[in-house]
Amino acid sequence: MIDDIRELNSYGILSGVNKDLAKNIFSYVFQKEEYKNTGYYFGKTFLGGEDIKEFDNRVKGAIHSIIKESEGLNTIAIVTHGNVHKSIFKNILNVNRKIEKIDDVSITTLDYNSDKFSIIEMKGIKLGEVID
C-alpha cells in the first residue's frame, strides 16, 4: 500500500461521524458561508480537512514515485479513490474537464512513454464541464 495515494480528507471534523449526528453536532458550522461549497473542484475542504494543493502535490509525488519504482515493468495497476482520480486527471494527465461521475469500479488505461502519459481508454468515467 502506498499511503500518499490515499483519499482526500475532504470532511475534516466530520470524518467518521454519522451524517445525521454530524448535522446535529456541527449545525453551526454547516450554516457558515465558507462551508457551503466544499470539495475537490471548489478547491476547499470542510473544517479540518486536507488542503487541496497539498493533496495534489502528495498524489503527484506518489505517482512519480510509483513510475520510478516500476521501471522495467510493462504493466502496473493502481487502485485508488475518486478524488485521487480527479487529481491525476487534472495535474498529471492535464485534462481540463471535471470528472462528473466515477463508477464504483471505473478503469482508466494509460500509456507512459518518454515521461508523458496518454489516455488509451476510460470505462465508468463521465467527463463534464471545462475547468477554468
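The values are calculated or read from the model by the stated rules, or taken from the named source; none is laboratory data. It should be emphasised that the depicted structure is a prediction, and the values quoted were computed from it without experimental measurement. Counting neighbours? That spans all protein chains shown, and the Cβs are built from the backbone with ideal geometry, glycine included.
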Please verify whether Tyr40 is touching a Gly at 6+ places or on another chain (Cβ under 7 Å) and under 25 Å from Asp104 (Cβ atoms), treating the condition exactly as stated. no
How about the range 63-91: which of its residues are under 26 Å from Gly128 (Cα atoms) and among the aliphatic types (A, V, I, L, M)? Ile63, Ala77, Ile78, Val79, Val84, Ile88
Quick check: is even one residue across the range 78-99 at pLDDT below 90 and in contact with a strand residue (DSSP E or B) (Cβ under 8 Å, 6 or more places away or on another chain)? no
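Quick grid of which residues meet (1) under 15 Å from the mean Cα position of the chain (by Cα); (2) surrounded by fewer than 12 Cβ atoms within 10 Å (Cβ to Cβ); (3) part of a strand (DSSP E or B); (4) without any contact (Cβ under 8 Å) to a residue 12 or more places away in the chain:
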residue: Asp20; (1), (2), (3), (4): no, yes, no, yes
residue: Tyr41; (1), (2), (3), (4): yes, no, no, no
residue: Leu47; (1), (2), (3), (4): no, no, no, no
residue: Gly61; (1), (2), (3), (4): yes, no, no, no
residue: Glu71; (1), (2), (3), (4): no, yes, no, yes
residue: Ile76; (1), (2), (3), (4): no, yes, no, yes
residue: Val79; (1), (2), (3), (4): yes, yes, no, yes
residue: Ile88; (1), (2), (3), (4): yes, no, no, no
residue: Asp103; (1), (2), (3), (4): yes, yes, yes, no
Can Asp56 be described as closer than 27 Å to Phe26 by Cβ, out of contact with any strand residue (DSSP E or B) (no Cβ under 9 Å at 6 or more places or on another chain), free of Cβ contacts under 8 Å to residues at least 40 places away in the same chain and surrounded by 13 or more Cβ atoms within 10 Å (Cβ to Cβ)? yes
Acidic (Asp, Glu) and touching a Ser or Thr at 6+ places or on another chain (Cβ under 9 Å) - does that describe any residue in the range 70-79? no
State whether one or more residues within the range 108-131 are out of contact with any Asp or Glu (no Cβ under 8 Å at 6 or more places or on another chain), more than 22 Å from Asp3 (Cα to Cα) and touching a residue at least 60 places away in the same chain (Cβ under 8 Å). yes
